[in-house]
Number of protein chains: 2
Amino acid sequence: MLPTEVLEKAQSELTDWQGSGMSVMEVSHRGEAFIECAAQAEQKLRRLLGVPDNYKVLFLQGGATGQFSVIPMNLTRPGDTVALLNTGQWSAKAAKAAKAQQLTVDVIADEAASRYTTVPAPGSYTVPPDAVYLHYTPNETINGVEFGYVPDCGDVPLVGDFSSTILSRPIDVSQYGLIYAGAQKNLGPAGLTLVIVRQDLTGKARSTTPDVWDYATMAAADSMLNTPPTFAIYLFGLILDWVEATGGLAAMAQRNRAKAARLYAAIDGSDFYANPVCPTARSWMNVPFSLADTSLDADFLAQAEAHGLTNLKGHRSVGGMRASLYNAMPLAGVEALIGFMDDFANQRG
Amino acid sequence: MLPTEVLEKAQSELTDWQGSGMSVMEVSHRGEAFIECAAQAEQKLRRLLGVPDNYKVLFLQGGATGQFSVIPMNLTRPGDTVALLNTGQWSAKAAKAAKAQQLTVDVIADEAASRYTTVPAPGSYTVPPDAVYLHYTPNETINGVEFGYVPDCGDVPLVGDFSSTILSRPIDVSQYGLIYAGAQKNLGPAGLTLVIVRQDLTGKARSTTPDVWDYATMAAADSMLNTPPTFAIYLFGLILDWVEATGGLAAMAQRNRAKAARLYAAIDGSDFYANPVCPTARSWMNVPFSLADTSLDADFLAQAEAHGLTNLKGHRSVGGMRASLYNAMPLAGVEALIGFMDDFANQRG
């Protein structure tokens, strides 16, 4: 979902960007106008997130799934150990890709026993001092679990997959060695991958790392070693304008917290719906829920769609429903969903 | 440059795609509508290019520059030899990236002596039988040289970087082991990378190849292992519609040949302008030219820009001017350029 204001602005200037008579998709990425557009996007992001000067901001391609391999390529050598908190499918994929890069993956906390309805408690795990980094997934979209705190790993750099949570609230970038995110949840359209990396962690890539995925090479080229995904970067800039215009990240956090609280309250207050996640680990972004009578699932989804409530089917691995409450989803959208859920429950309950 | 019709269609449905009430950038890539959109794009491409059934069509990310590394990752083992025809900067980059993947690169023809104003003559080079593939660059954008023939390499698979020439004319895909192309010249917006690969060449990737770049893995997932660049794929589909509607690739070739012929004739018929490329190797897509008096270069560019003729500055490595005549450039645009060139020459010559 993208904010209506952003889509309308993109639409209005799609055939004539900044009076150039050309689409932003047509201008050269080496031209002054686009270089300025990308530089502005970086500056806006730095301002919003408070990115310290010793961090590089990179615009890459290949998604967070690409980064599962690229982070090991850049930060490790074959045979190294990395630590990982396993809180669901995205952490598990990151672990698998790290192993394929010939790393030993030390899973120092694993929430499998709770069926991924929890996150490990602070202090319940120890990061081995020889780990090159600790990887974790601040928000798991499928089971809807989220860390309410930043893992403490001492001098070991912390690496976080922020694909589903970036820009949803303020974060303290200085606590991380590397933050990465696919764009398609809160940053704009698919096809852009954001990496924010502490400068001292760059410049150590394996010799076989492709140039387009070598952090130091891409940083030196301002992410324009080759043609970047220009339209996605442009739209990312518009999203950042919208975040600023709507009050910045503190205000965004307030709205997101309120949206999630409203939906969890509705679920918890009903015998008809249930959410299995431990209350302290509940995601603001992804709210899975089940119907007491699962034989009504298909009917629920069909009627929801008829009411304009789409994308509510839960991931096939867990079933049930899932509501995603990313930044662009307004509180009114959540209220509409709750209204429909109430009606459906009254009708069938 | 993108066709006006395509941009206008994209603009008209940017906030409401197929009556969904959503932008194509907002719909799920796992939803029926987008899966159909991507499948249609593949089918249209197969129809236009006549892609045989034993070839996979992949929608990837990272650009042709990414593929410089990814092709070796998928097709070779460290220590293997690949053959390469060096016709300019893009071939040289492909060679460098292959070496970084621990390959021996056997440059069996090198046009450095002509300062890259020629391509090797058919039969003037021998492909070593132990080469895993022969790589060449059908069109070099910087020096404006192009192969007028398909290299014959017997049983050794032929790999071609079609970034700047795909869809500009018919090609016989069956002569190739692998064709790849960044989208931003003739296929749509930056951020989509097209790979057409003979099926028997897939499934041999090195174990460290990232999943998003493993041809077999991506083929098995219909290029949707992770979120693909949805907007770029959608726009690629619109471009294919436009190519079909304007007569297909034979008609496109006729128009492109005519555009290039018109510009080369104007250059050759003038003492004021010159193109250094051997006539049989001249590119249809990129026409570099110089002014007899190079002190007028800056003035030429400034006046051209004032006449709405942009992006005419030659690559910094060769200087002078360069006109790019990709599919979306109409003959009228070429005539406008020639008219301006004549006026400028009359004024200053």
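State yes or no: is B:Arg257 under 25 Å from the mean Cα position of the chain (by Cα), assigned to a helix (DSSP H, G or I) and over 25 Å from B:Trp90 (Cβ atoms)? Break it down into steps so the answer makes sense when it comes.
Numbers: under 25 Å from the mean Cα position of the chain (by Cα): yes; assigned to a helix (DSSP H, G or I): yes; over 25 Å from B:Trp90 (Cβ atoms): no.
For B:Arg257, the condition - under 25 Å from the mean Cα position of the chain (by Cα), assigned to a helix (DSSP H, G or I) and over 25 Å from B:Trp90 (Cβ atoms) - is not met.
Hey, can you tell me all the residues within region B:132-163 that are among the β-branched types (Val, Ile, Thr) and closer than 16 Å to B:Leu201 by Cβ?
Of all residues in region B:132-163, those among the β-branched types (Val, Ile, Thr) come to B:132, B:137, B:141-142, B:145, B:150, B:156, B:159.
B:Val132, B:Val156, B:Val159 - these are the residues of region B:132-163 that are among the β-branched types (Val, Ile, Thr) and closer than 16 Å to B:Leu201 by Cβ.
Can you tell me which of B:Ala245, B:Ala258, B:Ala221, B:Ala232 is at pLDDT 95 or above and over 30 Å from A:Tyr234 (Cβ atoms)?
B:Ala258
Find the residue count for region B:211-227, including only residues that are among the charged types (D, E, K, R) and buried (at least 22 other Cβ atoms within 10 Å of the Cβ).
Just the residues of region B:211-227 that are among the charged types (D, E, K, R), to begin with: B:211, B:214, B:222.
Then drop every residue that is not buried (at least 22 other Cβ atoms within 10 Å of the Cβ), which leaves B:214.
Number of matching residues: 1.
Is it the case that region A:99-114 has a residue that's in a strand (DSSP E or B), within 21 Å of B:Thr227 (Cβ to Cβ) and within 13 Å of chain B (Cβ to nearest Cβ)? Outline the logic, then answer.
Just the residues of region A:99-114 that are in a strand (DSSP E or B), to begin with: A:104-110.
Still in the list and also within 21 Å of B:Thr227 (Cβ to Cβ): none.
No, there is no match, as no residue in region A:99-114 is in a strand (DSSP E or B), within 21 Å of B:Thr227 (Cβ to Cβ) and within 13 Å of chain B (Cβ to nearest Cβ).
Using the structure shown, decide if A:Asp271 is more than 29 Å from A:Thr87 (Cα to Cα) and either crowded, with 20+ Cβ neighbours inside 10 Å or in contact with a helix residue (DSSP H, G or I) (Cβ under 9 Å, 6 or more places away or on another chain) (or both).
On the way: more than 29 Å from A:Thr87 (Cα to Cα): no; either crowded, with 20+ Cβ neighbours inside 10 Å or in contact with a helix residue (DSSP H, G or I) (Cβ under 9 Å, 6 or more places away or on another chain) (or both): yes.
The answer is no for A:Asp271.
Just to verify a result, which residue in region A:146-180, among those that are in contact with a helix residue (DSSP H, G or I) (Cβ under 6 Å, 6 or more places away or on another chain) and either within 14 Å of chain B (Cβ to nearest Cβ) or of a type in the set (Phe, Trp, Tyr) (or both), is nearest to A:Ala328 (Cα to Cα)?
Looking at the filtered set, the residue picked out is A:Ser163.
Please tell me if A:Ala183 is within 13 Å of chain B (Cβ to nearest Cβ), farther than 30 Å from B:Leu103 by Cα and without any contact (Cβ under 8 Å) to a residue 60 or more places away in the chain. Before you say what the answer is, go through the steps one by one.
On the way: within 13 Å of chain B (Cβ to nearest Cβ): yes; farther than 30 Å from B:Leu103 by Cα: yes; without any contact (Cβ under 8 Å) to a residue 60 or more places away in the chain: yes.
Yes.
What are the pairs, 6+ residues apart or on separate chains, where a residue within region A:126-146 that is under 14 Å from A:Val105 (Cα atoms) has its Cβ under 6 Å from a residue that is part of a loop (DSSP other than H, G, I, E, B) and of a type in the set (A, V, I, L, M)?
A:Val127/A:Val156; A:Ala131/A:Val156; A:Leu134/A:Val127; A:Leu134/A:Val156
Quick test of your reading of the structure: B:Asp53 fulfils all but one of (1) in a loop (DSSP other than H, G, I, E, B); (2) at the interface with chain A (Cβ under 10 Å from one of its Cβ atoms); (3) acidic (Asp, Glu). Name the failing condition by number.
Among (1) in a loop (DSSP other than H, G, I, E, B); (2) at the interface with chain A (Cβ under 10 Å from one of its Cβ atoms); (3) acidic (Asp, Glu), B:Asp53 violates only (2).
Among the residues of region B:104-125, which ones are hydroxyl-bearing (Ser, Thr, Tyr) and under 22 Å from the mean Cα position of the chain (by Cα)?
Of region B:104-125, the ones hydroxyl-bearing (Ser, Thr, Tyr) are B:104, B:114, B:116-118, B:124-125.
Matches in region B:104-125: B:Tyr116, B:Thr117, B:Thr118.
For residues in region B:56-72 being more than 9 Å from chain A (Cβ to nearest Cβ) and among the β-branched types (Val, Ile, Thr), which is surrounded by the fewest Cβ atoms within 10 Å (Cβ to Cβ)?
B:Val57
Could you please find all residues in region A:189-216 being in contact (Cβ under 8 Å) with a residue 12 or more places away in the chain, within 26 Å of B:Ala232 (Cα to Cα) and either among the β-branched types (Val, Ile, Thr) or facing another protein chain (nearest Cβ under 8 Å) (or both)? Please lay out each step first, then the result.
As a first pass, look at region A:189-216 and keep what is in contact (Cβ under 8 Å) with a residue 12 or more places away in the chain: A:189-206, A:208-209, A:211-216.
Retained after the next criterion (residues that are within 26 Å of B:Ala232 (Cα to Cα)): A:189-196, A:209, A:211-215.
Of everything in region A:189-216, those that are in contact (Cβ under 8 Å) with a residue 12 or more places away in the chain, within 26 Å of B:Ala232 (Cα to Cα) and either among the β-branched types (Val, Ile, Thr) or facing another protein chain (nearest Cβ under 8 Å) (or both) turn out to be A:Pro189, A:Ala190, A:Gly191, A:Leu192, A:Thr193, A:Val195, A:Ile196, A:Thr209, A:Asp211, A:Val212, A:Trp213.
I'm trying to understand the selection: among the residues of region A:217-229, which are assigned to a helix (DSSP H, G or I) and without any contact (Cβ under 8 Å) to a residue 60 or more places away in the chain?
The answer is A:Thr217, A:Ala220.
Condition check ((1) at negative phi; (2) among the aliphatic types (A, V, I, L, M); (3) under 20 Å from the mean Cα position of the chain (by Cα)) across all residues:
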position: B:Glu36; (1), (2), (3): yes, no, no
position: B:Tyr55; (1), (2), (3): yes, no, yes
position: B:Thr76; (1), (2), (3): yes, no, no
position: B:Ala94; (1), (2), (3): yes, yes, yes
position: B:Gln102; (1), (2), (3): no, no, no
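Which residues, counting only those in region B:1-12, are facing chain A (nearest Cβ under 9 Å) and part of a loop (DSSP other than H, G, I, E, B)? Step through it out loud before you land on a result.
Keep residues of region B:1-12 that are facing chain A (nearest Cβ under 9 Å), which gives B:1-2, B:4, B:7-8, B:10-12.
Once the filter is applied, which keeps residues that are facing chain A (nearest Cβ under 9 Å) and part of a loop (DSSP other than H, G, I, E, B), region B:1-12 yields B:Met1, B:Leu2.
Quick check on A:Ala232: is it touching a residue at least 12 places away in the same chain (Cβ under 8 Å), part of a helix (DSSP H, G or I), more than 11 Å from every other protein chain (Cβ to nearest Cβ) and under 19 Å from A:Gly66 (Cα atoms)? Walk me through how you get there before you give the answer.
Numbers: touching a residue at least 12 places away in the same chain (Cβ under 8 Å): yes; part of a helix (DSSP H, G or I): yes; more than 11 Å from every other protein chain (Cβ to nearest Cβ): no; under 19 Å from A:Gly66 (Cα atoms): yes.
So A:Ala232 fails the test.
Do the conditions hold for A:Gly148, that is, is it at pLDDT below 95, in a loop (DSSP other than H, G, I, E, B) and surrounded by fewer than 23 Cβ atoms within 10 Å (Cβ to Cβ)? Write out each step before concluding.
On the way: at pLDDT below 95: no; in a loop (DSSP other than H, G, I, E, B): yes; surrounded by fewer than 23 Cβ atoms within 10 Å (Cβ to Cβ): yes.
No; evaluated as a whole, the condition is false for this residue.
If you go through region B:322-341 one residue at a time, how many are charged (D, E, K, R) and surrounded by 16 or more Cβ atoms within 10 Å (Cβ to Cβ)? Talk me through it step by step, then tell me what you get.
First, pick out the residues of region B:322-341 that are charged (D, E, K, R): B:322, B:335.
Within this subset, residues satisfying the condition of being surrounded by 16 or more Cβ atoms within 10 Å (Cβ to Cβ) are B:322.
Looking only at that region, the number is 1.
For region A:73-112, which residues satisfy the criterion of being more than 20 Å from A:Ser207 (Cβ to Cβ), of a type in the set (Ser, Thr, Tyr) and surrounded by fewer than 24 Cβ atoms within 10 Å (Cβ to Cβ)? I'd like the intermediate steps shown before the answer.
Residues of region A:73-112 that are more than 20 Å from A:Ser207 (Cβ to Cβ), as a first pass: A:81, A:83-96, A:99, A:104-112.
Pick out the ones that are also of a type in the set (Ser, Thr, Tyr) and you get A:81, A:87, A:91, A:104.
Correct list: A:Thr81, A:Ser91, A:Thr104.
Given the conditions (1) more than 30 Å from B:Phe289 (Cβ to Cβ); (2) within 13 Å of the chain's Cα centre (by Cα), report the number of the one that B:Glu146 does not fulfil.
Of (1) more than 30 Å from B:Phe289 (Cβ to Cβ); (2) within 13 Å of the chain's Cα centre (by Cα), only one is false for B:Glu146: (1).
Residues being assigned to a helix (DSSP H, G or I) and either touching a residue at least 24 places away in the same chain (Cβ under 8 Å) or hydroxyl-bearing (Ser, Thr, Tyr) (or both): count how many of those fall in region A:334-349.
Taking region A:334-349 and keeping what is assigned to a helix (DSSP H, G or I), we get A:334-348.
Now narrow it down to the ones that are either touching a residue at least 24 places away in the same chain (Cβ under 8 Å) or hydroxyl-bearing (Ser, Thr, Tyr) (or both): A:334-338, A:340-342, A:344-345, A:348.
Result for region A:334-349: 11.
Do you know which of the residues in region A:26-46 that are without any contact (Cβ under 8 Å) to a residue 40 or more places away in the chain and not in a loop (DSSP other than H, G, I, E, B) is surrounded by the fewest Cβ atoms within 10 Å (Cβ to Cβ)?
A:Glu32
Could you identify the single residue in B:Pro138, B:Pro128 that is at pLDDT 95 or above, touching an Asp or Glu at 6+ places or on another chain (Cβ under 8 Å) and surrounded by fewer than 23 Cβ atoms within 10 Å (Cβ to Cβ)? Spell out the reasoning first.
Values: B:Pro138 fails: surrounded by fewer than 23 Cβ atoms within 10 Å (Cβ to Cβ).
When all the criteria are applied, what remains is B:Pro128.
Can you find even one residue in region B:307-321 that is surrounded by 14 or more Cβ atoms within 10 Å (Cβ to Cβ) and assigned to a helix (DSSP H, G or I)?
Among the residues of region B:307-321, not one is surrounded by 14 or more Cβ atoms within 10 Å (Cβ to Cβ) and assigned to a helix (DSSP H, G or I), which makes the answer no.
Yes or no: region A:237-245 includes at least one residue that is away from chain B (no Cβ under 14 Å), part of a loop (DSSP other than H, G, I, E, B), in contact (Cβ under 8 Å) with a residue 60 or more places away in the chain and in contact with a helix residue (DSSP H, G or I) (Cβ under 6 Å, 6 or more places away or on another chain). If you could, list the steps in order and put the result at the bottom.
Within region A:237-245, the first condition is being away from chain B (no Cβ under 14 Å), and the residues that meet it are A:237, A:240-245.
Of the ones still in play, those that are also part of a loop (DSSP other than H, G, I, E, B) are none.
Scanning region A:237-245 turns up no residue that is away from chain B (no Cβ under 14 Å), part of a loop (DSSP other than H, G, I, E, B), in contact (Cβ under 8 Å) with a residue 60 or more places away in the chain and in contact with a helix residue (DSSP H, G or I) (Cβ under 6 Å, 6 or more places away or on another chain).
Filter region B:147-169 for residues that are under 29 Å from B:Ala274 (Cα atoms), touching a residue at least 60 places away in the same chain (Cβ under 8 Å) and of a type outside the set (Val, Ile, Thr) and give the result.
Matches in region B:147-169: B:Phe147, B:Gly148, B:Pro151, B:Asp161, B:Ser163, B:Ser164, B:Leu167, B:Ser168, B:Arg169.
The values are calculated or read from the model by the stated rules, or taken from the named source; none is laboratory data. Please read all numbers here as calculations on a predicted model, not as lab measurements. Cβ sites come from the backbone with ideal geometry, for glycine too, and all protein chains shown count toward neighbours.
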